[in-house]
Structures are given as structure tokens and as C-alpha cells.
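Okay, so here's the structure we're looking at.
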Amino acid sequence: MDSIFRRKTEEEQMKAAGRMPPGQFLTQKFPVLHYGAVPGFDPVNWDFCVWGEVEQTLRLTWAEFSQLPRTTLIMDIHCVTRWSKFDTLWEGVSIRTLIENRLIRLKPQARFVIQHAEYGFSANLPIEIALADNFLLATHYDGAPLTPDHGYPLRGVVGAIPQRPDLKTPYFWKGAKWLRGLEFSAVDRLGFWEEAGYHNEADIWKEQRIAE
Ligand SMILES: Nc1nc2c(c(=O)[nH]1)N[C@H]1C(S)=C(S)[C@@H](COP(=O)(O)O)O[C@H]1N2
Ligand SMILES: [Mo]
């Protein structure tokens, strides 16, 4: 009972604060959503690759990835199936850091980023969003390594930063769990859910859920 009242109260607070996109409800749980099975992780053979419109392809082992400078990020995440979770804490590596450290050197024609994950899953984003403060290559959620069903060891995450209405925010599916690589592209290419009929831009405030 207690938690039901708390949920309603918090939902009203988020609405009043302008943090609740249309058609969403607040959840205090962390639902698990994906297509297919949860892959295993083998730290010896796992790698993270960057290719496409870059000056040089990059391949990092798990040991190397774990040494990269880290960023923490608190944001609200909004799933197209209508649950929203507020003030979620993530830790990982930002693509911008990889660029600043010159591990990634973009060619000028790079305009889109396609996340490639285990089992061929992919998610596409314009480069402006993937390099913005509300996108992270996350290894940790809420101070602990990701659990296998939430994407261990690495996933993309994207959400809304309440103090940053200037940032475009897509639905949470635009972050690929079990991420293995990034492809920079001059042209846009639909990812897994986008190919299945979900909206390519997926703006949470415009309720861009399904492609027209
Ligand atoms: N690899 C992979 N990543 C994925 C998906 C998927 O099917 N496979 N689904 C997306 C969808 S639809 C959502 S809502 C979020 C859910 O993340 P969660 O299970 O951690 O809540 O993961 C996204 N990332
Ligand atoms: Mo989703």
C-alpha cells in the first residue's frame, strides 16, 4: 500500500515539475525489456570496436575499456512501452571522452552513430545525440555493475537531464544493451526497433513512438 501511494505522489511531483512526457507513467521498478536471449560475457574474447567514418578503426579489449576515463550521469529514462524512471544513476564512458582522447578521430562526413550489440541488435542515432551529455556507454547502474539482463558488461543509455531542456531526448530503446561496437556513418541506417516500425527520431516530448 505504502509504495502505491508513494508512486502516485512522486508521479504528481514529476508532472508538476514538467519532467513527465505525455502518455508515460512513473515506475519505481526497473523493467527488463529486450528481444531474444541474454548473452553471456567472456572477458577474454570480448571486444569493443569502432569503425566507419573514422580515421582509424579502434578495437579495445575489456581490460583496455575498463581503463578509460569515466563519467557519471543522472537522468530520467522513458520507455516507449510507457514506463518512466526518474533520477537513474549511470557510470561509464562517454563517446565525447573517446574523441577528446583521440581514440576516435571522426571524419567530417560522420553524421550518424549505429550501436551494434550481441546477436545483431542495433540502434541508430544522429551524432549530435550520441555525443551529447545525455548519452553514455554505461558499465554501471546505481553504483554497481550492470546486471546481465540490463546489458552487462556494456550498454548505451540515453535519457532526459531535467536541467537540460536543450538536449533532444529519444526513448530508452535507443540505447543498445550488450553493446560491442559503434559504427559512424555518413548516412542514416535504421536499427532493430526502427526497422520493426518504431519511430526513427523517437522524441519523448513529441510522442514519436511509431513511424508514420
Ligand atoms: N541488445 C538489445 N538492446 C536493447 C533492446 C534489445 O531488444 N536488445 N531493447 C531496447 C528497449 S526496447 C528498451 S526499452 C531498453 C530496455 O532496457 P532495460 O531492459 O534495461 O530496461 O533496452 C533497449 N536495448
Ligand atoms: Mo522499449
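Here are the numbers:
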quantity	calculated
Within a Gaussian network of the chain (alpha carbon springs, distance under 10 Å), most fluctuating of ARG70, ARG180, ARG155	ARG70
Of ALA130, ALA17, ALA176, the one that fluctuates the most in a GNM where the chain has Cα springs shorter than 10 Å	ALA17
Inter-centroid distance (Cα atoms) of the stretch 145-212 relative to the stretch 1-72, Å	10
Karplus-derived 3J(HN,Hα), 6.51/-1.76/1.60, for each residue of the stretch 151-167, Hz, glycine and proline x	x, 3, x, 8, 8, x, 9, 9, x, 9, 9, x, 7, 10, x, 6, 7
Cα-based Lys proximity count in the chain, under 16 Å, for pairs eight or more positions apart or on separate chains	8
Length added when fully stretched, GLN28-ARG102, from 0.36 nm per residue minus Cα-Cα	22.7 nm
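Every read-out reported here was derived from the displayed coordinates using simple, explicitly stated rules and does not represent laboratory data. Computed from a prediction, not measured in an experiment: that's the story for all the values here.
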